[in-house]
Every structure is written in structure tokens, then in C-alpha cells.
Amino acid sequence: MKVAFFDTKPYDIPAFEKLGEERGIKFKFYETKLTEDTADLVKGCDAVCVFVNDTVNAAVIDRLCEYGINILALRCAGYNNVDINYAKDKIRVVRVPAYSPYAVAEHAMALLLTSIRRIHKAYIRTRDFNFSLSGLTGFDLHGKTVGVVGTGKIGRIFVDICRGFGMHVIAYDKFPAENSGIEYVSLDELFSQSDIISFHCPLTDETYHMIDGSSMEKLKKGVVIINTSRGALIDAEALLEGIKARKIGAACLDVYEEEADVFFQDFSGHIIADDVLARLISMPNVIVTSHQAFLTEEALNNIAETTVDNLLTCFRGESCGNELVM
């Protein structure tokens with residue numbers, strides 16, 4: 001079985017190469033992202049493996065079908081970059097729904113602690129032997145209200161972590177988790193009551209720009225926003241305005257609305273063309289990591305294992321429990 005593997009990063013290769021050799025899959029690793037312009041690279045392959053910033057729209061799906069590709073394997077949980085409706089009856093689409101929910105939830109808490117306790121600033125200071133505490137005052141998490149938007153596996157683990165800190169947890173989810181003991185409220189209530197808001201929901205038409213100019217007015221002054229899910233849940237320009245207006249106390253972002261052409265690459269010697277991202281990063285109360293919440297050894301191994309299982313199951317023509325489109 002030959003699989004065209006797009007948007008390859010160095011950390012992807014070891015686990016996929018090892019499993020591929022063991023189970024009879026030959027991966028053709030491409031650094032480029034899958035787009036209509038790069039779809040010809042799938043020629044001679046049986047399936048395609050993509051990540052969060054590859055483009056799988058109607059035009060790309062048609063090109064894949066022209067080359068006889070009938071299996072599309074996402075090595076991630078989200079699938080907002082795939083035209084699911086158009087893919088129906090054309091190509092099987094599978095994903096990795098739960099590679100390591102602990103990795104993402106723990107990263108969200110790491111971002112929060114780093115931000116409110118000014119750990120990143122203290123690290124830079126002490127590297128220069130500056131041991132002043134001026135400007136490093138934070139606040140206790142104990143007793144604070146945290147609003148969790150989305151209570152799937154990752155969201156529920158984040159809830160447990162917050163409870164361990166003695167925080168009061170409220171949540172919003174269109175489909176509440178039964179018998180979870182979680183206190184669910186309306187989205188407006190969550191916005192108005194929360195000292196901290198963390199997003200753990202998928203990107204859909206309904207969740208697009210949940211934080212925008214309008215919803216910003218409902219937030220508690222000084223709220224801390226955490227997003228380790230999908231960038232477009234938050235209108236980046238509205239977020240920037242909220243920070244400038246002192247409405248947003250801090251923002252912890254592992255994802256960004258226009259990240260596709262920036263994240264996962266080294267631009268340290270270049271000028272960033274995205275003015276909004278550049279201005280966000282320049283803010284003293286904003287922390288940005290480049291979509292790394294998933295990046296643990298356990299998660300990478302789980303992603304490779306599940307993706308390979310998905311590919312082989314579909315290749316044999318069997319039903320797959322992780323299938324989105326059949």
C-alpha cells in the first residue's frame with residue numbers, strides 16, 4: 001500500500017516509517033501541503049494522509065479521485081479543512097479522534113499558568129541575572145471561575161485539571177456530557193461569569209468566531225482567553241481590539257485563524273506579513289505557541305498507530321470506527 005503523506009514535519013517520520021515497515025505501507029513523505037496545485041503528487045498512490053492545514057476542498061477531492069484515490073486519512077481530530085459533504089460517495093475519510101486528549105488539556109493549563117504567573121517573563125529576566133520581582137505579580141487560580149466551551153474528551157480532562165486547582169467550573173456544550181457532574185450554563189452566562197475561558201470545541205459554522213466584537217461585550221473585564229482548539233473560533237482582530245481596550249486581561253493561543261501559512265515554519269529571519277499576528281505577539285499579555293498542544297511522544301505514537309490502522313482497515317474494504325465519510 002502506497003500513501004502520499006503531505007505537510008510532513010521531522011517529528012512525523014519516525015513513528016510512521018516504523019509502523020509502515022512493520023505493516024506493509026510505503027509512505028511518500030512530502031513537505032508541501034496538499035492543495036489543488038500539489039495534488040498531482042498522489043499519482044501512483046493508493047491513499048492520502050493529511051494534517052490540519054492541508055486543503056481538501058471540492059477541487060482537490062476531484063483531483064484525488066482522478067488518480068484513483070479513495071481513502072483520505074486525517075492524522076488529526078479536526079476536519080474543518082475537508083469538504084465533508086462533497087466527499088460523500090467519492091472518497092472515504094477517516095480521522096484520529098482521540099490521539100492524546102491529555103496532551104492538549106495539559107498544554108492549555110501550561111499556557112494559563114505561564115501567563116498568569118509571568119513565568120515566561122521571569123525566565124527571560126533571570127537569564128540576564130535580573131532577579132527583580134517588579135511586574136511579575138499574578139493571581140491564584142483557586143476559587144476562580146473557569147468556563148469550558150466544549151466538553152468532549154479534551155474538555156472534560158481540562159475540567160478535571162481545573163478542579164484539581166480548586167477552581168469553580170462551568171461549561172457550555174450543545175451536547176452536554178451525561179452524568180459528568182459538570183455544571184452547564186448558556187454561552188452568554190459562561191461569557192459573563194468566567195474569569196478564564198478555555199475553548200475545546202470543533203470548528204463548525206455555529207462555532208465560527210464565537211468570540212467577536214459582539215460577544216466581547218458580554219465578557220467579564222480582565223478575562224483570560226485560552227484557545228488550543230481551532231483558530232477561527234476567535235476573531236483575531238476583535239481579540240486584538242479587546243486587548244487594546246483592556247477588556248481582555250490575557251490571551252493564550254496555540255492556534256490562530258490564519259495560521260496555515262505561518263505555523264510549523266521558521267520565520268525568525270523574516271518579516272511577518274500578517275499584521276494582526278505580529279501585533280498579537282507584541283502584546284505583553286499574549287502568549288502564542290505554534291499549534292504544539294498535541295506534540296508529545298505519546299500523542300505522536302497514538303496518531304501514527306490509529307492512522308495506520310485506519311488506512312489498513314479501509315484498504316481491506318472493512319468498516320472503520322473512525323470514519324467520517326464512507
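The values are calculated or read from the model by the stated rules, or taken from the named source; none is laboratory data. Only a predicted model underlies this, so the values are computations on that prediction, with no experimental measurement involved. In this analysis, Cβ positions are derived from the backbone assuming ideal geometry, glycine residues included, and neighbour counts consider all displayed protein chains. Surface accessibility is based on the protein's heavy atoms, side chains included, excluding ligands, DNA and RNA. Shrake-Rupley method; radii C 1.70, N 1.55, O 1.52, S 1.80 Å.
Any idea how many residues of region 87-97 are open to solvent by less than 40 Å² (accessible area, probe 1.4 Å), farther than 19 Å from THR8 by Cβ and either of a type in the set (Val, Ile, Thr) or under 13 Å from the mean Cα position of the chain (by Cα) (or both)?
Restricting attention to region 87-97, the residues satisfying the condition of being open to solvent by less than 40 Å² (accessible area, probe 1.4 Å) are 87, 91-94, 96.
Applying the additional criterion that residues be farther than 19 Å from THR8 by Cβ yields 87, 91-93.
From the residues that got through so far, the ones that are either of a type in the set (Val, Ile, Thr) or under 13 Å from the mean Cα position of the chain (by Cα) (or both) too are 91, 93.
Within region 87-97, residues that are open to solvent by less than 40 Å² (accessible area, probe 1.4 Å), farther than 19 Å from THR8 by Cβ and either of a type in the set (Val, Ile, Thr) or under 13 Å from the mean Cα position of the chain (by Cα) (or both) number 2.
Residues that are over 25 Å from the mean Cα position of the chain (by Cα), modelled with pLDDT of 95 or more and either farther than 18 Å from CYS252 by Cα or among the charged types (D, E, K, R) (or both): does region 160-167 have at least one? Steps first, answer last, please.
The initial filter retains those residues of region 160-167 that are over 25 Å from the mean Cα position of the chain (by Cα), namely 166.
Next cut, modelled with pLDDT of 95 or more only: 166.
Applying the additional criterion that residues be either farther than 18 Å from CYS252 by Cα or among the charged types (D, E, K, R) (or both) yields 166.
Yes - at least one qualifying residue is present in region 160-167.
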Selection over region 114-153 where residues are more than 30 Å from ALA77 (Cβ to Cβ) and touching a Leu at 6+ places or on another chain (Cβ under 7 Å) yields a count of 3
Among strands (runs of 3 or more DSSP E) entirely inside region 153-232, those with 1 or more residues being open to solvent by 20 Å² or more (accessible area, probe 1.4 Å) are 168-172
Contact list, first residue from region 110-130 and buried (at least 17 other Cβ atoms within 10 Å of the Cβ), second anywhere and at pLDDT 95 or above and part of a helix (DSSP H, G or I), beta-carbon distance below 8 Å, six or more apart or interchain, is THR114/HIS120
Apart from one, (1) surrounded by fewer than 21 Cβ atoms within 10 Å (Cβ to Cβ); (2) in contact with a helix residue (DSSP H, G or I) (Cβ under 8 Å, 6 or more places away or on another chain) all hold for ILE84; the odd one out is (2)
When region 285-317 is checked residue by residue, the ones that are touching a residue at least 60 places away in the same chain (Cβ under 8 Å) and within 24 Å of GLY242 (Cβ to Cβ) are ASN285, ILE287, THR289, HIS291, ALA293
In region 1-57, anything aromatic (Phe, Trp, Tyr) and touching a residue at least 60 places away in the same chain (Cβ under 8 Å) is listed as TYR11, PHE16
